[in-house]
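For reference, the structure is listed below as structure tokens.
The values are calculated or read from the model by the stated rules, or taken from the named source; none is laboratory data. This structure is a prediction, so every number in the text was calculated from the model and none was measured. We place every Cβ from the backbone using ideal geometry, glycine too, and count neighbours over all the protein chains shown.
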Amino acid sequence: MAGIGPGGVETGTWHYGLVARWWAETNTAEPAELAWFADAIGRYGTPVLDVGCGSGRLLLPLLEAGIDVDGTDISGDMLAHAGAAAAKGGHAPRLTTCPAHELSLGRTYRTIFMCGVFGIGATREQDREALRRIHDHLEPGGALLIAHWLPYADRDEQGWGRWLPGHRAGVPRVWQAEGDRRRMADGDELELMTRLASLEPLAQRQVLEIRARLWHAGVVVQEETSTLSENLYFAQELADQLTGAGFRDVSIEGPYTGQPATDDDTGVVLVGRRPPA
């Protein structure tokens with residue numbers, strides 16, 4: 001099943017329970033990625049909102065750098081990890097559990113960013129509503145930054161070939177025998193394995209399934225399986241959505257390069273501005 005959010009509603013994401021713990025203990029920002037966001041914030045200004053901040057992969061080091069940054073996420077489990085880690089560092093960021101399409105914070109920002117989360121756990125109309133709400137949470141002249149992996153990112157030719165008719169017989173894929181297994185802070189181990197559960201090329205939508213196992217003293221003591229749904233967006237259609245939500249001066253850059261994206265980039269950063277008053 002998918003994760004359960006506020007009010008018992010399925011969220012279409014898997015960032016709960018053991019998976020949330022994995023993200024909190026193993027995922028850290030890449031130096032080049034963090035430097036790019038810090039530089040962008042220096043250009044566009046504070047305060048900052050991290051939409052889909054998760055367990056604080058980017059939010060926490062930005063706080064440590066003295067930046068005024070708030071966070072939202074659909075998963076209260078992820079935010080609990082972020083809040084606990086922030087408190088250890090003497091910080092008390094404003095963290096709000098809500099999907100992006102229900103954003104209503106009563107505060108505006110100079111910079112808002114989304115990193116690798118656009119299109120996850122929502123319908124396409126909800127994605128459009130999220131952009132409208134983000135636009136309304138920006139100060140005039142403020143900027144939205146979306147780091148986004150393209151549908152063909154990290155796919156081998158066989159994976160990309162599944163978009164072709166007659167090439168999806170192996171979906172859902174079988175579980176691998178072993179996953180990525182890592183030791184946690186308390187000495188226990190967590191193991192994650194994922195598989196493609198469904199792919200709809202016409203709808204540009206896929207569902208992934210994840211299996212998380214907690215190992216203690218060499219024995220599996222807990223196992224959780226959940227799903228994540230994802231709308232697959234190409235760069236130009238996402239730029240069109242930004243324009244449709246009211247953003248101007250929309251640009252498509254390569255991943256953390258500050259330069260225009262090229263045909264060889266499998267990820268992009270889209271930058272859109274709210275028009276000045």
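Examine segment 184-197 for a residue that is over 21 Å from Gly119 (Cα atoms), in contact with a Lys or Arg (Cβ under 7 Å, 6 or more places away or on another chain), assigned to a strand (DSSP E or B) and in the same structural domain as Arg43 (by TED's automatic domain parsing), and state whether such a residue exists. Among the residues of segment 184-197, not one is over 21 Å from Gly119 (Cα atoms), in contact with a Lys or Arg (Cβ under 7 Å, 6 or more places away or on another chain), assigned to a strand (DSSP E or B) and in the same structural domain as Arg43 (by TED's automatic domain parsing), which makes the answer no. Scanning segment 129-159 for residues that are over 22 Å from Ala261 (Cβ atoms) and basic (Lys, Arg) yields Arg132, Arg133. Read through the list (1) touching a residue at least 40 places away in the same chain (Cβ under 8 Å); (2) under 21 Å from Trp22 (Cβ atoms), then give the number of the only condition that Leu103 fails. The one condition Leu103 does not meet is (2). Suppose the filter is assigned by TED's automatic domain parsing to the domain that holds Glu129, in contact with an Asp or Glu (Cβ under 7 Å, 6 or more places away or on another chain), farther than 30 Å from Arg183 by Cβ and part of a strand (DSSP E or B); does Val250 pass it? Taking the combined requirement at face value, the residue does not satisfy it. Condition first: among the hydroxyl-bearing types (Ser, Thr, Tyr), over 18 Å from Trp23 (Cα atoms), touching a Gly at 6+ places or on another chain (Cβ under 9 Å) and surrounded by 20 or more Cβ atoms within 10 Å (Cβ to Cβ). Can you find one or more residues in segment 110-124 that meet it? Scanning segment 110-124 turns up at least one residue that is among the hydroxyl-bearing types (Ser, Thr, Tyr), over 18 Å from Trp23 (Cα atoms), touching a Gly at 6+ places or on another chain (Cβ under 9 Å) and surrounded by 20 or more Cβ atoms within 10 Å (Cβ to Cβ).
Restricted to segment 239-251, and to residues there that are buried (at least 19 other Cβ atoms within 10 Å of the Cβ) and touching a strand residue (DSSP E or B) at 6+ places or on another chain (Cβ under 6 Å), the residue that is farthest from Ala143 (Cα to Cα) is Ala239. Of all residues in segment 60-91, those satisfying the criterion of being in a helix (DSSP H, G or I) and hydrophobic (A, V, I, L, M, F, W, C) are Leu60, Leu62, Leu63, Met78, Leu79, Ala80, Ala82, Ala84, Ala85, Ala86, Ala87.
With out of contact with any Ser or Thr (no Cβ under 6 Å at 6 or more places or on another chain), without any contact (Cβ under 8 Å) to a residue 40 or more places away in the chain and at positive phi as the only criterion, which of Ala239, Ala203, Ala217 stands out?
Working: Ala239 fails: at positive phi; Ala203 fails: at positive phi.
Criteria check complete, one pass: Ala217.
Counting the residues of segment 80-109 that are under 14 Å from the mean Cα position of the chain (by Cα) and surrounded by 23 or more Cβ atoms within 10 Å (Cβ to Cβ) gives 2.
A quick yes/no check of all residues on (1) in contact with a Pro (Cβ under 6 Å, 6 or more places away or on another chain); (2) among the charged types (D, E, K, R); (3) closer than 19 Å to Gly12 by Cα:
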{"residue": "Gly45", "(1), (2), (3)": "no, no, no"}
{"residue": "Gly52", "(1), (2), (3)": "no, no, yes"}
{"residue": "Ser55", "(1), (2), (3)": "no, no, yes"}
{"residue": "Glu64", "(1), (2), (3)": "no, yes, no"}
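Could you tell me whether Glu157 is more than 30 Å from His135 (Cα to Cα) and touching a Pro at 6+ places or on another chain (Cβ under 8 Å)? No: the conditions fail for Glu157.
Within segment 37-58, is there a residue that is in contact with a helix residue (DSSP H, G or I) (Cβ under 6 Å, 6 or more places away or on another chain) and in a helix (DSSP H, G or I)? Scanning segment 37-58, I find no residue that is in contact with a helix residue (DSSP H, G or I) (Cβ under 6 Å, 6 or more places away or on another chain) and in a helix (DSSP H, G or I), so the answer is no. Residues of segment 11-36 that are assigned to a helix (DSSP H, G or I) and either under 11 Å from Met78 (Cβ atoms) or of a type in the set (A, V, I, L, M) (or both): Gly17, Leu18, Val19, Ala20, Arg21, Trp22, Trp23, Ala24, Ala32, Leu34, Ala35.
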